[in-house]
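Structure first, commentary second.
The values are calculated or read from the model by the stated rules, or taken from the named source; none is laboratory data. Quick caveat, the model's predicted, so the values are computed rather than measured. Cβ placement follows ideal geometry from the backbone for every residue including glycine, while neighbour counts extend to all protein chains displayed.
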Amino acid sequence: MNLRRHPVSAGLSALVIAFLWLPLVVVIIGSFDANGLLTTFTGATGHWYDQAVHDPNVRAGFETTLIIAVCSMLLSLCVALSGALWWRRAPRRARAIYDALVYARIVVPEVVFATALFFLFLKVHFALGIPAIIVGHAVLNSAYSTLIIQARLLGTDPALEEAAADLGATPWRVFRRVTLATLMPAIIAAGLLAFTFSLDDVVTSYFLQGTAQSPLPIVLLGMIRFRITPEINAVGVFVMFLTVALMSGAVVVFAGAGRLGREGRSRRRSRLLGLYQG
């Protein structure tokens with residue numbers, strides 16, 4: 001369908017794109033606004049970025065957020081990978097129950113899970129703080145990671161693992177050289193998704209932080225309550241570009257790995273062909 005021949009569809013598409021991207025453009029422009037009140041654009045300055053970098057609350061919140069995001073990402077991947085490997089060989093009824101539990105974590109509102117975890121930790125005397133936030137993020141993020149890894153497993157041929165075992169590979173070597181290598185793109189994608197979700201989580205972090213240092217989203221929420229300044233925009237732009245840089249790096253790594261893999265397969269094919277002809 002040519003959208004140029006359908007002005008209504010083209011207009012709606014342009015409106016949706018503008019609705020998605022204009023707020024980000026406004027945030028970027030506001031981060032350079034010399035007017036601290038953000039009423040009118042009076043000139044460009046990098047003062048707010050310098051203030052954000054040297055703000056002790058922002059720096060402490062960012063460091064805390066990175067610790068939480070990395071730890072919850074690793075925990076989510078461990079839960080998702082082990083669960084997906086079990087799911088592949090589990091009975092049909094057990095797989096259905098496991099899938100229902102995974103989808104329940106996605107469908108049920110996050111505030112419900114955060115509240116439930118809050119009361120559970122109080123009940124079992126698990127101290128609120130950074131470890132509690134890591135567990136809370138992993139509870140939600142592992143569901144998305146599981147779906148990504150399961151989708152990759154469904155497209156994996158079990159004959160590859162059986163062939164490696166028939167050739168004398170140990171179970172650990174089969175897992176490391178065949179299963180894990182096949183799942184690696186999905187693992188990296190799931191890890192990036194879990195890291196990104198944990199990076200900007202507010203609800204679970206707010207319920208489970210206790211008296212610990214607040215993560216960066218909670219710090220920004222507190223700053224917005226008192227006064228909206230371009231410093232908040234500067235922090236948002238920094239986090240946004242950090243996420244984009246991570247995704248871009250992953251794309252570059254995937255492209256390089258695919259190119260090297262194709263070159264390696266081509267060299268091995270040429271070598272085998274040469275041996276056969278010789």
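Condition (residue is β-branched (Val, Ile, Thr) and touching a helix residue (DSSP H, G or I) at 6+ places or on another chain (Cβ under 8 Å)) applied to the stretch 25-37: is it met by at least one residue?
Yes, the stretch 25-37 contains at least one residue that is β-branched (Val, Ile, Thr) and touching a helix residue (DSSP H, G or I) at 6+ places or on another chain (Cβ under 8 Å).
Quick one: count up the residues across the stretch 146-177 that are farther than 14 Å from Ala80 by Cβ, within 28 Å of the chain's Cα centre (by Cα) and either buried (at least 19 other Cβ atoms within 10 Å of the Cβ) or small (Gly, Ala, Ser) (or both).
Residues that pass the stated criteria total 1.
Output the number of the condition that Ala96 fails; it satisfies all remaining conditions of (1) on the phi > 0 side of the Ramachandran plot; (2) modelled with pLDDT of 85 or more.
(1)
Out of Cys78, Cys71, report the one residue that is of a type in the set (A, V, I, L, M, F, W, C), closer than 30 Å to Arg152 by Cα and surrounded by 15 or more Cβ atoms within 10 Å (Cβ to Cβ).
On the way: Cys78 fails: surrounded by 15 or more Cβ atoms within 10 Å (Cβ to Cβ).
Unique residue meeting the criteria: Cys71.
Please find, within the stretch 116-129, the residue that is surrounded by the most Cβ atoms within 10 Å (Cβ to Cβ) out of those that are within 17 Å of Ala212 (Cα to Cα) and out of contact with any Leu (no Cβ under 9 Å at 6 or more places or on another chain).
Looking at the filtered set, the residue picked out is Ala127.
Regarding the stretch 234-257, can at least one residue be identified that is modelled with pLDDT of 75 or more, β-branched (Val, Ile, Thr) and within 18 Å of Ala60 (Cβ to Cβ)?
For the stretch 234-257, residues modelled with pLDDT of 75 or more, β-branched (Val, Ile, Thr) and within 18 Å of Ala60 (Cβ to Cβ): present.
Is it true that some residue in the stretch 218-233 is of a type in the set (Gly, Ala, Ser) and modelled with pLDDT of 90 or more?
No: the stretch 218-233 contains no residue that is of a type in the set (Gly, Ala, Ser) and modelled with pLDDT of 90 or more.
Across the stretch 48-67, what is the total count of residues that are more than 22 Å from the chain's Cα centre (by Cα) and either surrounded by 15 or more Cβ atoms within 10 Å (Cβ to Cβ) or in contact (Cβ under 8 Å) with a residue 40 or more places away in the chain (or both)?
Matching residues across the stretch 48-67 total 6.
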